[in-house]
Amino acid sequence: MLKVGLLIALASALTMNLAFFFKFRGAQAAPRVDLRHPLTSAIALWRSRWFAIGMVVGLVAWGMHVAALTIAPLSLVQAVVASGVALVAVMADKIFGLKVGARQWWGLGLTALGLALLALTMPRSVGHYATYSAAQMAIFEAVLLAVGVVLIVGPRAAGARSEHHGIALAAAAGIMFGACNVSVKALTGTLPDAGLLGLISAPGAVALVASVGAFYASARSLQLGEAVAVIGITGTASSITCVAGGILVFGDPMPGDLFGMLVQGLAFVLVIVASALIPSPRAAHQPA
């Protein structure tokens, strides 16, 4: 069953990347996302056939990810899903015909390596449900949402170039996706006892707000940025946010030996360096 779970996790990573490329194609054809008219923008995005297909494919990928977690250890699933970041370049080049520069190949490869090392060196958590401190959860989620808002508003207010704003929006979308995942993990500890009424709670509200914010930030980033850079940054920011949430909110154990701590330190350095390599020096759109 373990091998089946890991195969499902790999399929989930591939499917999620595919969903992002579909949404990229649809977002490019849709009218400009305008947060002053959120409902109109959302309707226009869903009317774009490829964006709608991407959303449906993304939902399937999320379902496979949940299925993988039910039959395989979380650390191993995270390690396999991390490979999806490197596969962004392969899919962009071989399937969608997008040009991928050498530095982007290196950036995505180092990111996947760093995330995999980070996941594999995390000691396995104990307990079936997620326990957490409400105060720690509130502070962590508030910081994430604040950072997301700054990344959405800051570059535009500062007059940054559109491709730079696209990268910032991609990071904001990834952070908000991560915030949503952290909230969903918290809900797994309350839903078994509270039932569907457990959704009417602080984590449920944060998950809703974060997912809505991620939807708009991700769509706009796909309109402004280059596909490979935007998709890679979104996935990286989401993964790092989830790892941080596990440690800071749910008390996931850190490595107890010096070697494990050094490997995790190297993993974080790899991800930071790689994130600087992923954006292309010349962010020119290419048709999907």
Would the stretch 241-251 turn up any residue that is of a type outside the set (A, V, I, L, M) and modelled with pLDDT of 85 or more?
yes
Among the listed residues Gly5, Gly58, Gly63, which satisfies the condition of being surrounded by fewer than 20 Cβ atoms within 10 Å (Cβ to Cβ), without any contact (Cβ under 8 Å) to a residue 24 or more places away in the chain and under 22 Å from Ser239 (Cα atoms)?
Gly63
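Residues Ser221, Ser162: which one is buried (at least 24 other Cβ atoms within 10 Å of the Cβ) and either among the polar types (S, T, N, Q) or at pLDDT 95 or above (or both)?
Working: Ser162 fails: buried (at least 24 other Cβ atoms within 10 Å of the Cβ).
One residue alone meets the criteria, Ser221.
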Tally up the residues in the stretch 29-51 that are hydroxyl-bearing (Ser, Thr, Tyr) and surrounded by 13 or more Cβ atoms within 10 Å (Cβ to Cβ), please.
2
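If you take the residues of the stretch 66-80 that are among the polar types (S, T, N, Q) and surrounded by 15 or more Cβ atoms within 10 Å (Cβ to Cβ), which of them is modelled with the lowest pLDDT?
First, the residues of the stretch 66-80 that are among the polar types (S, T, N, Q): 70, 75, 78.
Next cut, surrounded by 15 or more Cβ atoms within 10 Å (Cβ to Cβ) only: 75, 78.
Values: Ser75: 59, Gln78: 65.
Among them, the one singled out is Ser75.
The values are calculated or read from the model by the stated rules, or taken from the named source; none is laboratory data. Here the structure is a predicted model, which is why all the values come from computation and not from measurement. Glycine also receives a Cβ, built like all others from the backbone with ideal geometry; neighbour counts cover every protein chain displayed.
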